[in-house]
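Only the coordinates and a few stated rules stand behind these numbers; no lab work does. Computed from a prediction, not measured in an experiment: that's the story for all the values here. Using ideal geometry, Cβ is built from the backbone for each residue, glycine included, and neighbour counts are taken over all protein chains shown.
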Amino acid sequence: LEDINDHSPVFPEERVTFDILETSDPGSRFPLEGARDLDIGSNSIQAYNISPENEYFSVSYGIHSENDRSVELTLEKPLDREEQAEMSFSVIAVDGGSPPRSGTTQVNIIVLDVNDNAPVFTQKIYVGQVLENSPEGSVVLSVVAADRDIGVNGDITYQFTQAVSETDNPFTIDSMSGEIKIAKPLDFEAAETHELSVRATDGGGLSAICKVLVEVVDVNDNAPELVVSSFSSPLPENTVPGTVVALFTVRDRDSGANGKISCALEDQLFFSLRPAYKNYYELVTVSALDREERAQYILTVTAADAGSPPLTSTQTFTVDISDVNDNAPVFNQTSYTMYVRENNVPTVFVGAVSAADADVGLNAKVTYALAPVQAAERPSCSCISVNSENGHVFVLRPLDYEQLRQTEVTVSASDAGSPPLRANVTLRLVVVDQNDNAPLVLYPAQDSSPPSSELVPVSAEAGYLITKVVAVDADSGQNSWLSYHLLRATDPGLFTVGVQSGEVRLRRPVTERDTVKQKLVVLVRDNGKPPLSATAALSALLLKDFSDVRLPHSSPATEDDGGSLTTYLIISLVSVSLLFLISTAVFVGRKVCKRKELKAGHVLYGADNLQSGLADAAAAGTLPHAYCYEISLTTGSGNSEFKFLKPILPSLPPQHCAVGQGPDEEQDFPCVPVSTEDMAPDNPGTLSAGQFN
């Protein structure tokens with residue numbers, strides 16, 4: 001079998017620790033158990049290296065036999081525990097395979113301490129002072145030495161050297177802490193200074209020596225005295241600078257430098273000391289006082305003599321500051337906005353204004369009132385009241401959002417000082433809308449008259465616009481959002497109403513089974529809570545063509561009164577004949593122009609003229625759309641009626657109606673709007689001659 005590199009080198013242990021003395025010489029070797037690789041030949045372990053590179057150690061690898069392969073760590077540089085107590089690196093074994101495989105073990109080096117550092121004092125000479133009357137056991141000073149070694153080698157003990165006689169030495173030293181204490185009473189007159197030697201020794205026997213100089217200080221045993229002659233408190237906060245607050249004197253029974261006294265005031269920002277005469281001093285104000293910033297001052301006067309060390313005595317003056325009405329009330333907001341729902345109950349609470357006064361007592365008692373309106377200003381709403389004690393705001397009467405949406409008043413806050421100070425703030429009252437107005441239908445008009453009829457051709461397709469319901473709501477916001485719904489209809493499946501637009505359209509094409517006259521009730525509802533609604537009633541006529549329309553005469557007597565109808569017809573024919581003759585004479589000279597050929601006896605209604613005429617009919621709810629109609633005159637009727645034939649395309653351009661008797665003569669007439677009210681009741685689709693005129 002031929003070996004392949006399918007095994008990585010493996011160390012017996014993942015982590016190895018070496019304890020090495022810091023005094024170990026460079027070149028020292030430390031054996032490391034090598035890794036093992038099950039592969040053979042070139043696939044076995046070929047080299048070792050250290051990662052990351054280490055300046056203190058290197059790794060060597062030797063092969064003595066097949067089973068004896070030694071790995072050693074070699075110390076390259078002297079160790080120093082005080083610089084680096086521990087170090088860690090990895091030893092990597094790499095085989096000769098392609099690609100090579102490797103194994104790693106972690107090596108930790110712990111540097112063992114050796115007593116190679118002697119103790120070192122922080123100072124070569126320690127100087128201390130002690131009062132001659134200091135009690136026994138008082139600490140004079142402490143000596144401190146440090147040793148860079150650790151453990152026993154770093155433990156330090158202190159002691160006086162043999163040069164100091166224990167019987168004459170008035171001091172003792174703590175062997176562990178180095179504190180030097182008084183062991184016997186001191187006498188400045190016997191010895192002004194004491195010179196000591198202190199030895200510090202570590203656990204390994206290394207030591208160091210320092211000198212200690214103790215100075216005995218003469219005692220100043222009499223403190224100054226301070227006697228108050230006069231003192232004024234409290235002070236008004238408007239006291240002028242330079243006002244005398246207190247007068248006192250100082251004295252000291254000592255003599256010489258110990259009897260010389262100086263006085264000092266700790267806080268000199270608002271007060272200061274001023275020498276009066278001899279040992280008298282005055283405590284005076286130096287700047288303006290403000291009780292709102294500071295209501296009390298605790299002043300400490302310190303008297304010190306010139307002794308060494310100086311003795312001092314203190315006197316405390318507590319100065320209270322009395323209030324003056326120098327602060328106007330301040331509202332906690334620059335302006336107030338309060339809300340009330342319309343239709344509120346009378347005297348409803350809507351909020352509160354609040355003002356604070358930095359003064360105290362009566363100067364800080366705040367009362368509230370509505371500020372009077374200036375003559376040049378618009379009078380404010382009289383519906384607002386403010387409680388004078390607590391600033392609570394009330395609305396005195398019910399409000400209507402549709403009449404008053406917001407109003408502003410000025411609230412005044414006054415203190416009880418003399419004279420009183422005041423501040424003003426603007427209060428804005430916003431009326432919140434409630435859903436108290438039902439929708440109002442503007443079109444179609446919902447008065448006492450019968451609902452208007454909309455004409456719908458039976459040929460209309462689904463989606464055909466029949467009419468549009470228009471409504472408004474006096475409320476605002478979502479209370480005025482209107483939606484339209486079909487409430488009732490003769491045939492509910494035939495119509496649909498746009499929820500947002502109110503447009504009434506055909507849901508499907510008209511069939512022969514549908515009733516000619518359709519009645520609809522459209523519900524208009526707002527978005528309030530609870531919602532309010534209104535209804536709009538309208539009707540629609542389903543017609544094959546407009547010759548099917550039969551509208552009643554204004555009076556049934558017209559049907560029976562043939563003579564009257566004939567008279568109207570004769571008058572109409574005479575008028576038409578006169579107009580025809582005049583038109584013929586005017587247009588004789590225009591024969592060279594292009595002529596329109598129309599059949600004799602036909603009357604064509606122009607789209608634009610018909611549209612303008614039908615606009616009035618649309619307003620009445622009868623003819624909402626513009627159409628053109630072709631009308632022929634019949635002679636078979638006893639009443640000489642005009643008869644509708646059928647609607648033609650509304651896009652014809654003529655602006656006049658042409659009545660022709662023949663190919664060579666034609667006459668222009670203005671287009672006449674036709675409504676369903678002008679149709680004869682006894683003959684659907686016909687108009688009388690008088691009505692045509």
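For this structure, a couple of remarks:
- Residues whose amide H comes within less than 5 Å of that of Asp155, counting only those at least five positions distant or on another chain, are Gly203 (H built at 1.01 Å from N in the peptide plane).
- The gain in end-to-end length when the Ala190 to Asp267 segment is fully stretched comes to 23.4 nm, 0.36 nm per residue minus the alpha carbon separation.
- Per-residue Karplus couplings for the stretch 173-186, computed as 6.51 cos²θ - 1.76 cosθ + 1.60 with θ equal to phi - 60°, are listed in order as 10, 6, 5, 9, 9, x, 6, 9, 10, 7, 9, 9, x, 9 Hz, Gly and Pro entered as x.
- Between Val521 and Ala356, the C-beta separation translates, for a Förster distance of 45 Å, into a calculated FRET efficiency of about 0.10.
- Amide H contacts for Arg508 (H built 1.01 Å from N in the peptide plane; partners 5 or more residues away or on another chain; cut-off under 5 Å): Gly463.
- A cut-off of 5 Å between modelled amide H atoms, ignoring neighbours fewer than 5 places along the same chain, links Arg36 with Val10, Phe11.
- Taking trypsin sites (Lys or Arg not before Pro) across the stretch 399-480, none is in a DSSP loop with at most 11 further Cβ atoms lying within 10 angstrom of its Cβ.
- Spin-label pair Ala474-Val348: with each label point 7 Å from Cα along the Cα-Cβ axis, the two points sit 1.8 nm from one another.
- For the stretch 365-522, the Kirkwood radius over C-alpha pairs fed into Stokes-Einstein at 10 °C and 1.306 mPa s yields D = 76 µm² per second.
- Subtracting the Cα-Cα distance of Lys211 and Tyr61 from their residue separation scaled by 0.36 nm leaves 48.3 nm.
- Fraction of the pair-distance distribution of the stretch 120-217 above 23 Å, Cα-Cα pairs, percent: 25 percent
- Shown for the stretch 257-305 is the translational diffusion coefficient from the Stokes-Einstein equation, using the Kirkwood radius over Cα pairs, a temperature of 37 °C and a viscosity of 0.692 mPa s: 266 µm²/s.
- Taken one residue at a time, the phi angles of the stretch 124-140 give Karplus couplings (6.51, -1.76, 1.60, θ = phi - 60°) of 6, 10, 9, 10, x, 10, 9, 5, 5, 9, 5, x, 5, x, 5, 7, 7 Hz. Gly and Pro are set to x.
- Distance between the 7 Å Cα→Cβ label points at Arg488 and Asp400: 3.2 nm.
- When the GluC sites (Glu not before Pro) in the stretch 1-84 are filtered for DSSP coil states and for at most 15 other beta-carbon atoms within 10 Å of their beta-carbon, the remaining sites are Glu2, Glu13, Glu14, Glu33, Glu53, Glu55, Glu66, Glu76, Glu82, Glu83.
- Percent antiparallel among DSSP beta bridges (both partners in the stretch 120-217, rounded to 5): 75 percent
- Computed over the stretch 330-432, the range of Cα coordinates on each principal axis works out to 45, 30, 20 Å, biggest value leading.
- FRET E, pair Ile110, Ala146, Förster distance 22 Å, beta-carbon r, rounded to 0.05: 0.45
- FRET efficiency for Arg253 and Ser51, using Cβ-Cβ distance with R0 set to 56 Å, rounded to 0.05: 0.10
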